[in-house]
Amino acid sequence: MSDNNARDPDGGERSVKLACEAVWKVFGPGAEAFLAEHGGQVGDELLASAGLIGAVRDASLDVYEGEIFVIMGLSGSGKSTLVRCMSRLIEPTAGRVVFEGQDLLAASEKEMIEIRRHRMGMVFQHFALLPHLTVLGNVAFPLEVQGVGRAAREKRALEVIELVGLQGREAYYPRELSGGQQQRVGIARSLAVEPEIWFLDEPFSALDPLIRREMQDEFLRLQNVLHKTIVFITHDFDEAIRLADRIAIMNDGRIIQIGTPEDLVVNPATDYVAEFTHDVPRAKVLTAGSVMTAVDGVASQAMADVAGRVTADTRIEALAAEVVNADKPFLVIGANGQTLGLLTREAVLAVLVGGNRVR
């Protein structure tokens, strides 16, 4: 189920960086011929009768330039397999993967190696640092593989080491670093090649909760600086809410719904999505724009008696205390500064005391 809305919050067009079109990954003998024979229209029973396992089933999605696109689902839902299909670390059985207009499934293995080396960055749950190399050596390693000279690669490595907050530890070995520091090295290593798209597969799930939160903060800081196109896998909805522009929820290899965190909680497409988002507090996902009282432009001119201004995309959790403690409403403005409505104390209180389910 693809999200075809290719407009940014300001109303402008967004370019598609990467698209999956009816992607399948089926394990078992003769899988490709079997799918071709049935025109890609196969269900669970038909697959099982052929002795095949559908890890990814008819998955379609668009990832827009500069967004954080989160794929989530329970263990075995197919999210990691789908991301590996995007970079052809795993070969899709059917469908198309289009990266900046190029069908990656039509690319040669040599072309794919060059694309992965120069245009894609990857970070996985297990850091896979080289134990015999220092922080500097690990970060510079992908540039060495590219054939970049020592002076140039170490200069670039030092830049990204500073970017991720590890300056002063360039000569440390992985065994001398904490788990969070090791993950920062992994992130720096993937950024050294200045990727156009960045794949992260549950990069923080092996970390302690406090370190995980710290790494999420660091990740958001980096994104504010770098504005990368990111595909991020997690099974943690709280993490997805903090990081995602949009989320795709998978189940049994299929994409069930794609939308903003607010979309998924407010308008779940299926009972599965509703259950998946059951315990998410409304204040974490609802925004000022979704609970404001709308006003027209003429009426807004007379609205000088307000406590302050908030942007429409600000989540209620971030502004609740300020609004509840004020004796006047707040003006809600759009990304271009236009007046959209008023946010009242009563509206915020209704979100805070209304329970977790949005119905």
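The values are calculated or read from the model by the stated rules, or taken from the named source; none is laboratory data. Bear in mind the structure is a predicted one, so any value in this text is a computation, not a measurement. Cβ placement follows ideal geometry from the backbone for every residue including glycine, while neighbour counts extend to all protein chains displayed.
Output the number of residues of the range 85-102 satisfying the condition of being in a helix (DSSP H, G or I) and at pLDDT below 95.
Of the residues in that region, 0 qualify.
Consider residue 140 carefully, then state whether it is within 20 Å of residue 90 (Cα to Cα) and aliphatic (A, V, I, L, M).
So residue 140 fails the test.
Kindly list, by first and then second residue, each pair from a residue in the range 133-157 that is modelled with pLDDT under 95 to a residue that is basic (Lys, Arg) and surrounded by fewer than 18 Cβ atoms within 10 Å (Cβ to Cβ), limited to pairs with Cβ atoms under 6 Å and residues at least 6 apart or on different chains.
Correct list of pairs: 146/117.
Specify the residue that is nearest to residue 93 (Cα to Cα); the eligible residues are those in the range 42-70 that are β-branched (Val, Ile, Thr) and within 12 Å of the chain's Cα centre (by Cα).
Restricting to residues being β-branched (Val, Ile, Thr) and within 12 Å of the chain's Cα centre (by Cα), the top hit is 63.
Hey, residue 265 hits all of (1) part of a helix (DSSP H, G or I); (2) in contact with a Leu (Cβ under 7 Å, 6 or more places away or on another chain); (3) more than 16 Å from residue 74 (Cα to Cα) but one; which does it fall short on?
Checking residue 265 against (1) part of a helix (DSSP H, G or I); (2) in contact with a Leu (Cβ under 7 Å, 6 or more places away or on another chain); (3) more than 16 Å from residue 74 (Cα to Cα), the one that fails is (2).
Can you name the condition, by its number, that residue 132 falls short on among (1) in contact with a Ser or Thr (Cβ under 9 Å, 6 or more places away or on another chain); (2) exposed (fewer than 15 other Cβ atoms within 10 Å of the Cβ); (3) of a type outside the set (D, E, K, R)?
Exception for residue 132: condition (1).
If a residue has to be over 23 Å from residue 238 (Cβ atoms) and assigned to a strand (DSSP E or B) to count, how many in the range 309-359 make the cut?
10
So how many residues does the range 26-39 have that are closer than 16 Å to residue 91 by Cβ and either of a type in the set (S, T, N, Q) or in a loop (DSSP other than H, G, I, E, B) (or both)?
The qualifying residues number 3.
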